[in-house]
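S.K.: Right, I'll just put the structure down here and ask away after.
Every read-out reported here was derived from the displayed coordinates using simple, explicitly stated rules and does not represent laboratory data. Note that the coordinates shown come from a computational prediction; the quantities given were computed from them, not determined experimentally. Cβ coordinates were reconstructed from backbone atoms using ideal geometry, including for glycine residues, and neighbour counts include every protein chain displayed.
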Amino acid sequence: VVKFVSNLLCSALTQQELRDRQSAAPYQALLLLERIEERVYSCSEEPSRVRTVGQIARNVAIVLHDQGHTQLATRALRMTCKLYVQWCQSGEFNDQIAECDVAKNYLLLASYQVNKNRDVVAGLQSLVWVIVLAPLDELCSDVSDGVAGRIKQWCIQKRTAVDGKVKGADDTMFASQLRVCLGQCPERNTSEIHKGILSSYVAILMRHSYGSAEERMLAVNELHDLESDSSCQCDVLLQKLVILQLTPSACLRDYLAVCDDAVERLSSSDGSQWM
């Protein structure tokens, strides 16, 4: 029944008389799809059905986009991503990740949101989903070049949004958006993955001029809070000192605060890893 409805929707939307942007048919088709999505979304015990409706929503989104209904297409594609995230949390996900590339759908959604609807903040959130949903072997302590490239892409787009004074765009976005995504993906919400992504983000900020000094310090502080290994904490403290050196407004008190932190951690350990 679901596949029949999908074919019927896509077929109807491609009819010549429904190409008019003033037609109510595309909107009505999306409403019908959303009703199906609501019923299926609650059936978490049937992950294959969740995935199927997600694929249908993607097909409808592409048809709507081709017909020029970009806002409706974005809604349909957002529905796809929502269903796929639920499917990711089922036992089927790891075995069939190649069959249904969830990250690619979020990448397409980000393109729709940024380029078509000018919703940059939502597009940036979708890009973080692309990062989080990369294959697990690319999210270890040293993330893959592909993941690092996505993080760099996020940084560039965020910098453009901040410079353009886009509402909602600020220097705290990455850490908060990352927590949202990881919180909805329990199997990826591990300290190793969290630190791996944040470490790459910090490295990109330090290497390029995409972030302000405030953003760099916020990111390093976030990473510092996640670290439990004293040698890694030492590296983070050194990064803080480097950021302070690059910050014209930094004063002696800022340096002393970092030094006090280092002394406190030295006193709580044997200090061997700091020498």
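S.K.: Filter the cross-link list K82/K165; K104/K152; K116/K167 down to pairs whose alpha-carbon distance in this structure exceeds 24 Å.
M.R.: K82/K165
S.K.: Using each residue's phi in region 126-136, evaluate 6.51 cos²θ - 1.76 cosθ + 1.60 at θ = phi - 60° and report the 3J(HN,Hα) Karplus result to the nearest Hz, with x for Gly and Pro.
M.R.: In residue order, the calculated couplings are 5, 5, 5, 4, 4, 5, 5, 8, 5, x, 4 Hz.
S.K.: Now, a different point. Show me the ranking of peptides 143-149, 216-222 by mean Cβ neighbours inside 10 Å, starting with the highest.
M.R.: Details: 143-149: 16.4, 216-222: 20.3.
Highest to lowest by the protection proxy: 216-222, 143-149.
S.K.: Using a 10 Å cut-off on Cβ atoms, rank the peptides 78-84, 184-190, 117-123 from the highest mean neighbour count down.
M.R.: Averaged packing, sorted descending, gives the order 78-84, 117-123, 184-190.
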